[in-house]
Amino acid sequence: MTERFETLVEGHLDALHRFAVSLTRDRDVARDLLHDTFVKGFEGYHAFRPGTHFRAWIFAILVNTFRTRVRDTGRHPHVALDESNEPASDGDVVFELLEGTEILDAVEALPEPYRSTVLLVDREEMRYAEVAVVMDCPLGTVMSRLHRGRGLLRRRLLGLARERGFQTAGKRVGEEA
Amino acid sequence: MMCLDCRNLVPGWIDAELGPLETAEFAAHLSSCRECAEFAGRERLFVQGLRGRLPRPSLPEAERRQILSDLRTVTGSRGNLLRLAWGGALAMAACIALVAGLTVSQARDWTRVYRMDHAAHAGAPDELEYRSGSAAQVAAWLTGAVGTPMHVPTMPDARLLGARTVRLHGRTVALAVYESAGRRLSLFLGNGQELFPARGLAPDQLYTRPGSPYSVVAWIHQGHFHVAVSDLPVQRLQELARQCQKPAT
């Protein structure tokens, strides 16, 4: 059982670490979070049902552990929600102007739960059903969070691109709304 | 289908997550609504661009080894770590980096090794090397095992189960195991300053590190450090620590 658990965790170690760093924004804290996730995961592994998705299961433990830590420490990472109604467009073009690290910074600056949803789907390539397990929410909520999160991200990336002199042209869908 | 409904389904369409019926309704709407079709097309390009440019950093090798070491300590198969020593000069260099990393990390949170050891052994078949409920007998066994006189405290609200030794930072440390309210409590005992770097504590003053699932309460009593680890509520753990400090009656 031990070797099986280790092997399964190792297969997702990069993704788990990436996500832990994104959640905590601190590599040392992320390592502590991973450690606690391993402890809880290993303790609960006997209840893991073979055939179910291990990735979603272990990510769900990671997220729950993080939530518990945040609750216990009373620190709630919060980023103000950008409620701008400015139509977001040309998102596909702005990628040409921005560095990968800038794009990642913009994703990680998204407020929760949009940040986690975008990271799990667009970086870790999880299916919606997995994300629903990880985030403990209905499937439809995953889709709406993704829609909202990508919209916020698009606006932020567009803002960054505009600082580089990028200009939009032509009427965009949504401007009439 | 209304435009608003259609746009809410765009993520599912991009990610191929829609069911057959939704897909058909979505496609039908796009064929009759140019603006939604343009919106969906642009969204898909955005997501493709995002996925193509979003970095997926891999773990640096030294950090990977540290985390795998954490994992194997948790699962109790730390022996696998020894294999790291057999990989030529590169692996040796990585091991040196690992040791250096662990030292720095432990300076930041010295309770980690204790929590990890407890996590790996509490309730496991190898939890006890010596079984006895007698503090005097356990103390005698530990004294023989570590080579220095050991005192094993008693607590009215915790039952002594036995003892074992553990290697921490190259030293053999004594460990008494108790049970209270159905929960395991590991009490590490010793006198190495490097194993208990909570400086500035007065004798019997409690150092507390709440944690999930394991909390740590530590103190120095009569020149010996005591590190108690358990998933008991931290207040309960502190009460038991106070019981340890009382002279045996």
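The values are calculated or read from the model by the stated rules, or taken from the named source; none is laboratory data. What you see is a predicted model, and the numbers here were worked out from it, not measured in a lab. Methodologically, a virtual Cβ is constructed for each residue, glycine included, from the backbone with ideal geometry; neighbour enumeration extends over all protein chains shown.
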Sole miss for B:MET155 among (1) in contact with a Phe, Trp or Tyr (Cβ under 8 Å, 6 or more places away or on another chain); (2) crowded, with 22+ Cβ neighbours inside 10 Å; (3) not acidic (Asp, Glu) is condition (2)
From the set of residues in segment A:127-138 that are over 13 Å from the mean Cα position of the chain (by Cα) and either surrounded by fewer than 15 Cβ atoms within 10 Å (Cβ to Cβ) or touching a residue at least 40 places away in the same chain (Cβ under 8 Å) (or both), which is nearest to the other protein chains (Cβ to nearest Cβ)? A:ALA129
Using the structure shown, decide if A:ASP122 is of a type in the set (Asp, Glu) and at pLDDT below 90. no
Residue pairs qualifying under the 6 Å Cβ cut-off, at least six apart or on distinct chains, with the first in segment A:5-20 being touching a residue at least 24 places away in the same chain (Cβ under 8 Å) and the second being outside any helix (DSSP H, G or I), are A:ALA15/A:GLU124
Would you say B:THR208 is among the polar types (S, T, N, Q), out of contact with any Leu (no Cβ under 7 Å at 6 or more places or on another chain) and within 14 Å of another protein chain (Cβ to nearest Cβ)? yes
If I filter segment A:28-44 down to residues being more than 7 Å from chain B (Cβ to nearest Cβ) and touching a helix residue (DSSP H, G or I) at 6+ places or on another chain (Cβ under 6 Å), which single residue comes out as nearest to B:GLU61 (Cα to Cα)? A:ALA30
Kindly provide the set of residues from segment A:91-126 that are closer than 22 Å to B:LEU18 by Cβ, within 11 Å of chain B (Cβ to nearest Cβ) and not in a helix (DSSP H, G or I), ordered by number. A:GLU124, A:GLU125, A:MET126
Can B:ALA176 be described as over 22 Å from A:HIS35 (Cα atoms), at pLDDT 90 or above and among the small types (Gly, Ala, Ser)? yes
Kindly indicate whether any position in segment A:46-61 is more than 17 Å from A:GLU6 (Cβ to Cβ), at pLDDT 90 or above and touching a Ser or Thr at 6+ places or on another chain (Cβ under 8 Å). no
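For segment B:133-158, enumerate the residues that are of a type outside the set (Asp, Glu) and in contact with a helix residue (DSSP H, G or I) (Cβ under 7 Å, 6 or more places away or on another chain).
The answer is B:PRO149, B:MET150, B:HIS151, B:VAL152, B:PRO153, B:THR154, B:MET155, B:PRO156, B:ALA158.
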Search result, residues across segment B:153-173 that are more than 13 Å from B:LEU185 (Cβ to Cβ) and modelled with pLDDT of 90 or more: B:PRO156, B:ARG164
Do you know which residues across segment B:57-72 are hydrophobic (A, V, I, L, M, F, W, C) and either in contact with a Pro (Cβ under 7 Å, 6 or more places away or on another chain) or surrounded by fewer than 19 Cβ atoms within 10 Å (Cβ to Cβ) (or both)? B:LEU59, B:ALA62
Identity of the residue in segment A:45-71, within 14 Å of chain B (Cβ to nearest Cβ) and charged (D, E, K, R), that ends up nearest to the chain's Cα centre (by Cα): A:ARG67
Only one of A:ALA129, A:ALA169 is modelled with pLDDT under 90 and part of a loop (DSSP other than H, G, I, E, B); which? A:ALA169
Single residue of A:LEU110, A:LEU34 found to be at pLDDT 90 or above and farther than 27 Å from A:ARG164 by Cβ: A:LEU34
On the given criteria, is B:ALA139 part of a strand (DSSP E or B) and either out of contact with any Lys or Arg (no Cβ under 7 Å at 6 or more places or on another chain) or surrounded by fewer than 15 Cβ atoms within 10 Å (Cβ to Cβ) (or both)? no
Among the residues of segment B:180-203, which ones are at pLDDT 80 or above and loosely packed, with under 15 Cβ neighbours inside 10 Å? B:ALA181, B:GLY182, B:ALA202, B:PRO203
